[in-house]
Amino acid sequence: MSENTLNFEIIPVTPFAQNCTLFWCNETKKAAVVDPGGDIEKIIAAITRHKLTLEKILLTHAHIDHAGATTALAAHYNVAIEGPHKADQFWIDIVEQQKMQFGTAFSYAQPFTPNRFLSQNDTVSFGNITLEVYFCPGHTPGHVVFFHRQSKLAQVGDVLFSGSIGRTDFPRGDHATLVHSIRHNLFPLGDDVRFIPGHGPMSTFGHERLTNPHVSDRAVNSQVKGQTHA
């Protein structure tokens, strides 16, 4: 089996059923966890079940449902935290305020300091796996996406969903920026690329480019025509 074979398991965590994702290299059994928002015992159980060695934690963005258990998981395995983009320091700085909005649901969340912020054209690696990093702001100012080119698989956090896109009504969100991120940074990766969203079922970029009411070719062309005739 090829040394760069990527395996994954989606682990729904938190009351928001956030798609925490466990990635691992099939040959080395080295792993990375993307967006450990909570339910750390579920994440540890999956790592143990697959007999993996966790090498690092990767973050798409710093909303509490994606990053709430980062500190605890990093301490448990003594691993580095990589991501998100430095523009999401704003969200890291207000972890305590984020906790207050949800009562006791995220009482375990703690501030954290990434060992490495990520930017467009960076890569991250574990075992023999290398993921490309794409800077996709809009939902948050520092959102990034992880892409494994050989598997044609992306973990897109809350940028894009099956049939929808990320919310932009949070502080420092921007709808036009989000649409641009999807259309110009993700869709060019290929219609056949499967993606794991931050919530809900997987889809492909091609399906969303054809049918998504917010960012499909038809939707965007209709918006452009509406602006032209305004």
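Using Cα springs under 10 Å in a Gaussian network model of the chain, which residue among PRO114, PRO137, PRO171 shows the largest mean-square fluctuation?
Taking springs between Cα atoms under 10 Å, the residue moving most is PRO171.
Report the trypsin sites (Lys or Arg not before Pro) located in region 70-116 that are in a DSSP loop and have at most 15 other Cβ atoms inside 10 Å of their Cβ, or state none.
Taking region 70-116 and a limit of 15 other Cβ atoms within 10 Å, no loop trypsin sites (Lys or Arg not before Pro) are found.
For TRP91, TRP24, what's the fewest-to-most ordering of other Cβ within 10 Å of each Cβ? Don't skip to the end; give the middle numbers.
Working: TRP91 24, TRP24 27.
Going from sparsest to densest Cβ surroundings: TRP91, TRP24.
Separation of region 164-202 and region 33-111 by C-alpha centroid, Å?
A separation of 21 Å, based on Cα centres.
Order of CYS136, CYS25 from fewest to most other C-beta atoms within 10 Å?
Numbers: CYS136 29, CYS25 23.
The fewest-first ordering by Cβ neighbours comes to CYS25, CYS136.
Can you spot the lysines whose alpha carbon is less than 24 Å from LYS42's alpha carbon? Ignore those fewer than 8 places along the same chain.
Within reach: LYS29, LYS30, LYS51, LYS56, LYS99.
May I ask you to sort PHE187, PHE106, PHE90 by Cβ crowding, counting other Cβ atoms within 10 Å and putting the fewest first? Kindly include the intermediate steps, with their values, before the conclusion.
On the way: PHE187 19, PHE106 22, PHE90 14.
Listed from fewest to most nearby Cβ atoms, that is PHE90, PHE187, PHE106.
Under a cut-off of 18 Å between alpha-carbon atoms, report the aspartates and glutamates in cross-link reach of LYS86, not counting same-chain residues fewer than 8 places apart.
Reachable aspartates and glutamates: ASP35, ASP122, GLU132, ASP158, ASP174.
Please give the contour-minus-distance gain from SER107 to SER164: 0.36 nm per residue of separation, less the Cα-Cα distance, rounded to one decimal in nm.
Answer, rounded to one decimal: 17.6 nm.
Defining a contact as two alpha carbons under 8 Å apart and six or more residues distant in sequence, what relative contact order in percent does the chain show?
After rounding, I find 15 percent.
Please go through region 152-230 and write out the chymotrypsin sites (Phe, Trp or Tyr not before Pro) that DSSP classes as loop and that have at most 15 other C-beta atoms within 10 Å.
In loop regions of region 152-230 (DSSP not H, G, I, E or B), there are no sparsely surrounded chymotrypsin sites (Phe, Trp or Tyr not before Pro).
How about region 135-224: which trypsin sites (Lys or Arg not before Pro) there lie in a loop by DSSP and see at most 14 other Cβ atoms within 10 Å? Mind showing how you got there, number by number?
Numbers: sites: ARG149, LYS152, ARG167, ARG172, ARG183, ARG194, ARG209, ARG218; in loops: ARG149, LYS152, ARG167, ARG172.
In loop regions of region 135-224 (DSSP not H, G, I, E or B), the sparsely surrounded trypsin sites (Lys or Arg not before Pro) are ARG149, ARG167.
Starting from 0.36 nm per residue, how many nanometres of slack lie between PHE90 and HIS50 once their C-alpha separation is accounted for?
Gain on extension, PHE90 to HIS50, equals 10.9 nm.
Please compute the alpha carbon radius of gyration of region 6-228, then divide it by the globular-protein estimate 2.2 N^0.38 Å. Two decimals is fine.
0.98
FYI, it's all coordinate maths here, none of it is from the lab. Predicted model only: the values in this text are computed from it and were never measured. Here Cβ is always computed from backbone atoms with ideal geometry, including for glycine, and neighbour counts include all displayed protein chains.
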